[in-house]
1. Inside the range 99-120, can you point out the residues that are surrounded by fewer than 16 Cβ atoms within 10 Å (Cβ to Cβ) and either outside the structural domain of residue 43 (by TED's automatic domain parsing) or in contact with a helix residue (DSSP H, G or I) (Cβ under 8 Å, 6 or more places away or on another chain) (or both)?
2. I'm trying to understand the selection: among the residues of the range 121-143, which are touching a residue at least 60 places away in the same chain (Cβ under 8 Å) and either surrounded by 11 or more Cβ atoms within 10 Å (Cβ to Cβ) or closer than 16 Å to residue 52 by Cα (or both)?
3. Just to check your reading of the model, which residue among 207, 143 is out of contact with any strand residue (DSSP E or B) (no Cβ under 9 Å at 6 or more places or on another chain) and assigned to a helix (DSSP H, G or I)?
4. Yes or no: residue 92 in contact with a strand residue (DSSP E or B) (Cβ under 7 Å, 6 or more places away or on another chain) and at pLDDT below 95?
5. Of everything in the range 98-115 that's in contact with a strand residue (DSSP E or B) (Cβ under 6 Å, 6 or more places away or on another chain) and without any contact (Cβ under 8 Å) to a residue 40 or more places away in the chain, which residue is nearest to residue 63 (Cα to Cα)?
6. Quick check, is residue 34 farther than 30 Å from residue 190 by Cβ and over 13 Å from the mean Cα position of the chain (by Cα)?
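The values are calculated or read from the model by the stated rules, or taken from the named source; none is laboratory data. Just so it is clear, the model here is predicted, and its values are computed rather than measured. Because the Cβ atoms are built from the backbone with ideal geometry, glycine has one as well, and the counts that use them run over all protein chains shown.
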């Protein structure tokens, strides 16, 4: 091996180490502060407020989420949700963190399958309400048949595609959804947490949900 080749290999190895260190710093330090903290705190508050509106001042709440290690915005939402709910009544919160198996479909407002939704409902028959931070599930005929009773359910969802069927079946009461109706209310340049929320998200109920398209 020539001296020149050794030098090139040494330089290449140093570059690899630098890139790995850069990615570690980005993943653990930079990404954790990039999300809009005010916005995601407000999402957590809204989910807690809607929960308290649907349940008496005392109840058992089940949250459905994933590991927040790669999702600092989800950690912000969950911690704010619990703190806000504590101020609104006496609630017991049971947290379910689903194993994503590294599937890319999982994230904030997305990923919950019909099968996992039904399984979580059946494991918690005493729950007064379920809150999903990872989307609204699409349920097929088998999922619907497997549900013994309709739960009270709230979801944060990145998309409203699954909502019409869920609302029409009475399987969801409220959804906090990435905004799909425009123009958005409020100023063009949001400053407060509420303005950010109104700009980026909207609350959907049975009265305001889009109707399911006819199959005819």
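1. 115
2. Listed by number, the residues that qualify are 124, 127, 128, 129, 130, 131, 132, 133, 134.
3. 143
4. The answer is no for residue 92.
5. Going through the qualifying residues, I end up with 98.
6. So residue 34 fails the test.
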